[in-house]
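The values are calculated or read from the model by the stated rules, or taken from the named source; none is laboratory data. Nothing here was measured: the structure is a model prediction, and the numbers come from that model. All Cβ positions, glycine included, derive from the backbone under ideal geometry; neighbour counts span all protein chains shown. Just so you know, the surface numbers come from the protein's heavy atoms only, side chains and all, with ligands and any DNA or RNA stripped out. Shrake-Rupley method; radii C 1.70, N 1.55, O 1.52, S 1.80 Å.
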Amino acid sequence: MYLGIDVSEWNQPVDWKAAAEAGVRFAICRLGWGEGHLDGMFYSHVNHALEAGLAVGAYLYSYALNAEEARREAEFAARTLRDCGLASPAMGVWADIEDADGYRAMEGALDPETVTAAAAAFMEVWRREKIPCGIYTSRSWLGKEIRMEQLPADTPVWCAEWNDACSYPAAEIWQFTDSLEIGGVRTDGNWARRLDIRR
């Protein structure tokens with residue numbers, strides 16, 4: 001298993017040299033959220049992570065309320081990845097599908113059929129673009145809000161479960177904490193099976 005972090009503009013300043021020296025092998029950087037909202041530190045995080053010798057991936061926090069909105073969000077992410085020369089990131093691009101701020105529930109889009117259709121739309125667009133991709137979500141959503149059996153069987157899963165072990169055996173990446181301290185900055189900590197999900 002390989003240690004990694006995921007970061008956004010809220011994690012500042014990231015000491016990438018300290019991260020690499022602490023054994024961090026990969027970074028998944030927030031690309032943005034919704035359709036067209038770019039994380040202010042995305043390009044900087046990607047460049048510095050690569051300079052530190054880390055494998056890099058990206059994630060987009062989704063606000064899609066249906067499959068069509070998910071397709072537009074996925075296309076925004078694909079354009080951004082191409083723009084920064086990261087069209088095929090080793091650690092993939094991930095659709096962050098959750099409801100951390102209650103937006104889906106407020107808009108009446110928190111049912112498994114709607115959420116699963118949005119997840120499938122992300123995979124459809126990114127696979128068409130030949131971008132390695134998967135779904136990020138909490139353990140409690142897997143099989144409940146997101147019906148994995150309705151997605152392609154080989155869809156990678158990045159599972160958030162802050163515990164001593166990941167109870168989702170098929171997880172490609174396990175987010176085990178939100179309080180990993182690296183160079184004085186607190187980030188999410190992750191374990192990955194591989195440093196290149198394209199293989």
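Some observations on this one:
- Net charge in the neighbourhood of Trp162 (other residues with Cβ under 10 Å of its Cβ; Lys, Arg +1, Asp, Glu -1) is -3.
- Label-zone membership for the stretch 80-120, site Asn47, 7 angstrom Cα→C-beta point, backbone N under 13 Å: 84-85
- The Kirkwood hydrodynamic radius of the stretch 125-199, based on inverse pair distances between different Cα atoms, is 13.5 Å.
- Annotation for the stretch 3-37: chymotrypsin sites (Phe, Trp or Tyr not before Pro) lying in DSSP loop with at most 13 further Cβ atoms inside 10 Å of their Cβ are Trp10.
- With R₀ fixed at 22 Å, the C-beta to C-beta distance from Trp191 to Arg147 puts the FRET efficiency at about 0.30.
- Within the stretch 96-176, GluC sites (Glu not before Pro) in DSSP loop having at most 11 other beta-carbon neighbours inside 10 Å: none
- Carbon + sulfur, % of accessible area of the stretch 1-148 - ligands and nucleic acids excluded, 1.4 Å: 50
- In this simple spin-label approximation, Glu21 and Tyr2 carry label points 7 Å from Cα along the Cα→Cβ vector, and these lie 2.2 nm apart.
- Stretched out straight at 0.36 nm per residue, the stretch from Glu9 to Asp101 would grow longer than its current Cα-Cα span by 31.4 nm.
- Cα→Cβ-extended label distance, 7 Å offset, between Arg199 and Ser179, nm: 3.6
- Principal axis extents of the C-alpha atoms in the stretch 42-113 (largest first, rounded to whole Å): 43, 21, 18.
- Accessible area per residue, Å², the stretch 1-140 with all protein chains present, probe 1.4 Å: 41
- GluC sites (Glu not before Pro) lying in DSSP loop within the stretch 1-91, provided at most 11 other Cβ fall within 10 Å: none
- Computed from Cα atoms, the angle from the helix 67-83 axis to the main principal axis of the chain rounds to 30 degrees.
- Backbone N under 18 Å from the Ser88 label point (7 Å along Cα→Cβ), restricted to the stretch 42-78: 55-58, 78
- Mean ellipticity per residue at 222 nm, deg cm²/dmol - from DSSP H runs of n ≥ 4 across the chain, formula -39500 (n - 2.57): -8000 deg cm²/dmol
- Net charge, Gly36 excluded, C-beta distance under 9 Å - Lys, Arg +1, Asp, Glu -1: -1
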